[in-house]
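Input: a single structure, listed below in structure tokens.
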Amino acid sequence: LTHKPEPTRVVAPDGRRGELKISMWSDDDVDELGAYWARNREHLLPTQPNREPDFWTVTGQGQRVERASHDVAIGRMFPFLVRENGRLVAEIVLSDVARGAFCSANLGYSVDGKRLRLGIASWAVAAVVDIAFSDLGLHRLQAGTTVENVASQKVLERCEFARIGVAAQYLAIAGSWRDHVLWQRTNDGMPPPAVG
Ligand SMILES: CC(C)(COP(=O)(O)OP(=O)(O)OC[C@H]1O[C@@H](n2cnc3c(N)ncnc32)[C@H](O)[C@@H]1OP(=O)(O)O)[C@@H](O)C(=O)NCCC(=O)NCCS
């Protein structure tokens, strides 16, 4: 990518929750990211890969942001944070961004354990779909949920992802290779790119 987009979306408070704003993370967000992962450790452990102990700290999140910086710079990764009235309440990341005939990316997300079932994930996924298709020129997003993760499956259904099927032993989550339901949403109006 020759230009680095910095897309953002905002939605007004709706009675259940405050103003939500989504934007890409920066080095300045490391302290808040560390606090988010530290306070959500118990909530998020069951849906995470095995993490080094440092992952749940400011130090580990600083290393994570630093490690990701190359992928972010070349447009292979778009890591977003969602703030509610300025406070970090969710993370949502597009990774493994592929161009050419694929124009596809992988989607992963989590919401603060104290702010669940307020529509935050549904809003964030819809916002990232809009950003991916309107601003980033992508044609397809893929997400994978463990077979048991009904909450995440509901979010994807709400956001018009289609269920592809179950991939056996797709990803190592919480210490074992877990079967996943794979989902995709496509940008149906997008003309195919010319590929060199
Ligand atoms: C999955 C997750 C992101 C959902 O976040 P959320 O902000 O609570 O989701 P939403 O409020 O947008 O929920 C949308 C719908 O999902 C369903 N849902 C959400 N949580 C649910 C639960 N625990 N059980 C059953 N259904 C649930 C509901 O139908 C909900 O709508 P409603 O409650 O308004 O009727 C959150 O539970 C989470 O962070 N889980 C751990 C991390 C994770 O699983 N990430 C995804 C990995 S694939």
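Every read-out reported here was derived from the displayed coordinates using simple, explicitly stated rules and does not represent laboratory data. Since we're looking at a predicted model, the values are computed, not measured. With ideal geometry, Cβ positions are generated from the backbone for all residues, glycine too; neighbour counts draw on all protein chains shown.
Which residue out of A168, A126 is among the aliphatic types (A, V, I, L, M) and in contact (Cβ under 8 Å) with a residue 12 or more places away in the chain? Result of the check over A168, A126: A126.
Are any of the residues in region 104-114 farther than 28 Å from E19 by Cβ, away from the ligand (no atom under 13 Å from the Cβ) and surrounded by fewer than 18 Cβ atoms within 10 Å (Cβ to Cβ)? Looking through region 104-114, none of the residues is farther than 28 Å from E19 by Cβ, away from the ligand (no atom under 13 Å from the Cβ) and surrounded by fewer than 18 Cβ atoms within 10 Å (Cβ to Cβ). Residues in region 87-103 that are away from the ligand (no atom under 14 Å from the Cβ), within 30 Å of P193 (Cα to Cα) and surrounded by fewer than 18 Cβ atoms within 10 Å (Cβ to Cβ): D96, A98, R99, G100, A101, F102.
Scan region 38-58 and give yes if some residue there is buried (at least 17 other Cβ atoms within 10 Å of the Cβ), in contact with a Leu (Cβ under 6 Å, 6 or more places away or on another chain), farther than 17 Å from A126 by Cβ and in contact (Cβ under 8 Å) with a residue 24 or more places away in the chain, otherwise no. No: region 38-58 contains no residue that is buried (at least 17 other Cβ atoms within 10 Å of the Cβ), in contact with a Leu (Cβ under 6 Å, 6 or more places away or on another chain), farther than 17 Å from A126 by Cβ and in contact (Cβ under 8 Å) with a residue 24 or more places away in the chain. Kindly indicate the residue of region 139-157 that is in a helix (DSSP H, G or I) and more than 6 Å from the ligand (Cβ to nearest atom) and also surrounded by the fewest Cβ atoms within 10 Å (Cβ to Cβ) among those meeting that condition. Ranking the candidates gives E157 first.
The requirement of being in contact with a helix residue (DSSP H, G or I) (Cβ under 8 Å, 6 or more places away or on another chain), surrounded by fewer than 17 Cβ atoms within 10 Å (Cβ to Cβ) and either among the aliphatic types (A, V, I, L, M) or under 24 Å from T186 (Cβ atoms) (or both) is fulfilled nowhere in region 60-79; no residue meets it.
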